[in-house]
Amino acid sequence: MSVVPNMPKSWREETKPHKFCPGCGHGLVLKALGEAIDELAIQEKVVFGCDIGCSLLSWDFFNCDSVQTHHGRTTPVVTGVKRARPDRICIAYMGDGGGYAIGAQHLVNAAARNERITAILVNNCNYGMTGGQMAPTTLPGMKTQTSPYGRDTDSMGYPTQGPEMVAAIAREGAYVARGTVANVRQLKRYIKSALQNQIDGNGFSFVEALSGCPTNWSTNAQKTWEFIEKEMPQYFKVGEIKTPGKKGE
Amino acid sequence: MLEKPIGGEKRVFMTGNEVVAWAALAAEADIMYGYPITPQNEVMHYWTRLAPKYGRSFLQTEDEISAGFTTCGGVLSGKRAFTATAGPGNILMQESMTMAEMMRIPTVLVVQQRGGPSTATVIYSQQEVTMTCFGGNGEGLRIVYSTCSHQELYDYTIKAFNVAWKYRFPVFVLGDGYQAKMRESLKMYDPATKGIKMVETQPSLGLAGVPGVDREPSHLRNTYNTEEELCEVVTNLVKEYNKVVPEVVEYETFETEVAEIVLLGHGIVTRAAQAAVKTLREQGIKVGHFRPITIHPFAADELRAICKHAKKLIVIESAQGQFERIVKEAIYGESVPMESYFKPGQGVTGEEIVEYVKKGL
Ligand SMILES: Cc1ncc(C[n+]2csc(CCOP(=O)(O)OP(=O)(O)O)c2C)c(N)n1
Ligand code: SF4
Ligand SMILES: [Mg+2]
């Protein structure tokens, strides 16, 4: 007799086990998202868009209508859906390369227009899908395939502070937070608040999730968690950054 | 700082992406601008490791739109600048490459074709032919080398810089995922030992002296006010391009002199076609093969000459007729029958060509 582990109702059982590498953070973020969808009872209304990056592996992850877009283009595809079908709950799921590099213009402008969509971005400090190149979020000194001698802040700058940037641009009504897979309960709370913000029609909502990429970091389980829990928070502060009715910090 | 990346000549066994990085080093490329995409990534991976040792630079941009335009900026500054991409990245680079066409900016772009349309596969195809030859809102004023081996990746990457800087049209090296990822042996060399002199680069911006006092300022322009004005500019560009064509056009033939059936294929497909010719000839079947090396501009006259005595042409490609369109345009008016063997996004073997040819006898 096989025992099926507890999974969110909105997950599609037929496509499990999922396709991410063992120890990958994407699965945890999608677990938090699945539970948030369940608790808000919005499965029927969700339109899920995933980017090209390891997020693309979630194209058949949920029992929700889903669309795999282009690298960096999930925000505009999902915005297009929302403008055409305001009754849907539209989610754009992407990586840090997709959101902060190639798709940064879309994120900035969606925030500036206060699009009523929810963007969820997985920050794993690199381009996972393409084999571990430097991302906007790569930590100073961190070695990647395109920063083989370590990220040099003099020529390549510092890690992009995504939620802070979005919060600075977004208008009143937006919800912006940064969670971590090291605290899935809190992450779920943030994602739920973000989705609720869309349901309430307040404005743009954005959650970044600190996450692990053991494959490209070349880390074992212990080192992966150390990196997520100790290294990443030195540059990326976890917490709610902007909530409707409150002033941003 | 190390001086020469390759002294004399050296036999090596490596992937095509590594070859491109070494060739760019040997060609004295100053800077690469790039953005990750499979199957091109390792060009950057090797370049980022090697470049600092030879005083060369690299910038990872935020996307391919930026990589293409930063390449234009580097070239305008008089640097031998290049970039490399594939698939969706190639789409995004078309914008900057039209600027290069219009303003005669000698950019070099290495394309490792992957499956399309859209994100499709990261593996292999010949589906970026139309885009690489004619992408953008222009007239296709560019030179595209379709390579078939690691040796050619090396040779033509070096040549790309020289042809670009000599004629000032954007030059593309059109490889594919197989060539990018496969390991193969080749001879790398210092271009000087082969008598290849790197064409000197010229800055268009940032020259010495006070503009307007010591020298004329550079006022580089790509926008025009009237239809007449633009028509004249483009007509002149086309004229200059056409002048260059006979000097750069390249092709190869295999037993086409007395061939009844001529296989047409470019890039890595030529290897399957060459193998098929060998097998079929051994069986007494009169088959030949024509292969453009510059897929654009195209050796139209040479193919026309073959059409005069051939009884049948077979166009073979890993795309749905992108190469065939070029062929049709080149031999418009010829009456030789033409068949096609298309496998969009999939490789072609010599065996299947042999089988196809024999079925049609
Ligand atoms: C226009 C374009 N450029 C580049 C790529 C190649 N590409 C695919 S995934 C990816 C990086 C993904 O990194 P990220 O967004 O951080 O997601 P992760 O895989 O790390 O979750 C890139 C560069 C592409 N598909 N399209
Ligand atoms: S490469 Fe990294 S981000 Fe992608 S699935 Fe594997 S561990 Fe996750
Ligand atoms: Mg990433």
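The values are calculated or read from the model by the stated rules, or taken from the named source; none is laboratory data. The model shown is predicted, which means the values in this text are computed figures rather than measured ones. When we count neighbours, we look across all protein chains shown, and the Cβ atoms used for this are built from the backbone with ideal geometry, even at glycine. For accessibility, only protein heavy atoms count, side chains too; no ligands or nucleic acids. Shrake-Rupley method; radii C 1.70, N 1.55, O 1.52, S 1.80 Å.
For residue B:161, the stated conditions do not hold, so it cannot be described as buried (at least 19 other Cβ atoms within 10 Å of the Cβ) and in a loop (DSSP other than H, G, I, E, B). Cβ-Cβ distances below 6 Å connect the following pairs, each with a first residue in the range A:54-70 that is of a type in the set (Phe, Trp, Tyr), a second residue that is surrounded by fewer than 18 Cβ atoms within 10 Å (Cβ to Cβ), and a separation of six or more residues or different chains: A:62/A:12. The range A:34-95 holds strands (runs of 3 or more DSSP E) entirely within its bounds, and those carrying 2 or more residues that are farther than 22 Å from residue A:20 by Cα, open to solvent by less than 20 Å² (accessible area, probe 1.4 Å) and more than 14 Å from chain B (Cβ to nearest Cβ) map to A:89-95. A residue that is of a type in the set (Phe, Trp, Tyr), touching a helix residue (DSSP H, G or I) at 6+ places or on another chain (Cβ under 8 Å) and within 30 Å of residue B:328 (Cα to Cα) can be found somewhere in the range B:236-253. Take the range A:116-131 and flag every residue that is more than 7 Å from ligand 1 (Cβ to nearest atom) and open to solvent by 10 Å² or more (accessible area, probe 1.4 Å). Result: A:116, A:131.
For the range A:143-151, the condition holds for no residue, the condition being that it is more than 14 Å from every other protein chain (Cβ to nearest Cβ) and either at pLDDT 95 or above or within 16 Å of ligand 2 (Cβ to nearest atom) (or both). Which ones in the range B:232-255 are of a type in the set (S, T, N, Q) and out of contact with any Asp or Glu (no Cβ under 9 Å at 6 or more places or on another chain)? Hits for the range B:232-255 are B:235, B:236, B:242. Confirm whether residue B:65 is open to solvent by 20 Å² or more (accessible area, probe 1.4 Å) and under 16 Å from the mean Cα position of the chain (by Cα). The answer is no for residue B:65.
Does residue B:91 satisfy being within 16 Å of ligand 1 (Cβ to nearest atom), open to solvent by 10 Å² or more (accessible area, probe 1.4 Å), hydrophobic (A, V, I, L, M, F, W, C) and in a helix (DSSP H, G or I)? Against the criterion (within 16 Å of ligand 1 (Cβ to nearest atom), open to solvent by 10 Å² or more (accessible area, probe 1.4 Å), hydrophobic (A, V, I, L, M, F, W, C) and in a helix (DSSP H, G or I)), residue B:91 qualifies.
Of the residues making up the range B:47-102, just one is in contact with a strand residue (DSSP E or B) (Cβ under 7 Å, 6 or more places away or on another chain) and within 16 Å of ligand 3 (Cβ to nearest atom), namely B:60. Per this entry, residue B:68 is not counted among residues that are of a type outside the set (A, V, I, L, M, F, W, C) and farther than 21 Å from residue B:205 by Cβ.
For the range B:104-121, the set of residues classified as crowded, with 20+ Cβ neighbours inside 10 Å and either more than 14 Å from residue B:43 (Cβ to Cβ) or without any contact (Cβ under 8 Å) to a residue 12 or more places away in the chain (or both) consists of B:105, B:106, B:107, B:115, B:116, listed by residue number. Close contacts from the range B:142-162, counting a first residue that is over 19 Å from residue B:126 (Cα atoms) and a second that is modelled with pLDDT of 95 or more and not hydrophobic (A, V, I, L, M, F, W, C), with Cβ to Cβ under 6 Å and a gap of 6+ residues or different chains, come to B:158/B:191; B:161/B:80. In the range B:1-60, the residue that is nearest to residue B:121 (Cα to Cα) out of those that are hydrophobic (A, V, I, L, M, F, W, C) and assigned to a strand (DSSP E or B) is B:14.
The residue that is farthest from the other protein chains (Cβ to nearest Cβ), counting only those in the range A:152-172 that are in contact (Cβ under 8 Å) with a residue 40 or more places away in the chain and part of a loop (DSSP other than H, G, I, E, B), is A:172. Taking the range A:1-31 as the range and being open to solvent by less than 80 Å² (accessible area, probe 1.4 Å), closer than 30 Å to residue B:38 by Cα and more than 16 Å from ligand 3 (Cβ to nearest atom) as the test, the residues that pass are A:11, A:15, A:16, A:18, A:31. A single member of B:184, B:200 is surrounded by fewer than 20 Cβ atoms within 10 Å (Cβ to Cβ) and under 26 Å from residue B:269 (Cβ atoms), and it is B:184. Any residue at all in the range A:22-31 that's farther than 27 Å from residue A:101 by Cβ and either touching a Phe, Trp or Tyr at 6+ places or on another chain (Cβ under 9 Å) or within 14 Å of chain B (Cβ to nearest Cβ) (or both)? Among the residues of the range A:22-31, not one is farther than 27 Å from residue A:101 by Cβ and either touching a Phe, Trp or Tyr at 6+ places or on another chain (Cβ under 9 Å) or within 14 Å of chain B (Cβ to nearest Cβ) (or both), which makes the answer no.
Taking the criterion of being of a type in the set (D, E, K, R) and either assigned to a helix (DSSP H, G or I) or in contact with a Ser or Thr (Cβ under 6 Å, 6 or more places away or on another chain) (or both), the residues of the range A:1-33 that qualify are A:13, A:14, A:31. The strands (runs of 3 or more DSSP E) found wholly in the range B:253-361 and carrying at least 2 residues that are open to solvent by 10 Å² or more (accessible area, probe 1.4 Å) and not charged (D, E, K, R) occupy B:338-342. Scanning the range A:117-131 for residues that are more than 9 Å from ligand 3 (Cβ to nearest atom) and over 14 Å from the mean Cα position of the chain (by Cα) turns up A:130, A:131. If you go through the range A:38-70 and pick out every residue that is touching a Ser or Thr at 6+ places or on another chain (Cβ under 7 Å) and within 16 Å of ligand 3 (Cβ to nearest atom), you end up with 4. Just one of the listed residues (A:76, A:140) is more than 9 Å from ligand 1 (Cβ to nearest atom) and closer than 23 Å to residue A:236 by Cα, namely A:140.
If only residues of the range A:191-226 that are assigned to a helix (DSSP H, G or I) and without any contact (Cβ under 8 Å) to a residue 40 or more places away in the chain are counted, the one that is farthest from ligand 3 (Cβ to nearest atom) is A:222.
Checked against the criteria, residue B:98 does not count as of a type in the set (Val, Ile, Thr), within 25 Å of residue B:343 (Cβ to Cβ) and in contact (Cβ under 8 Å) with a residue 24 or more places away in the chain.
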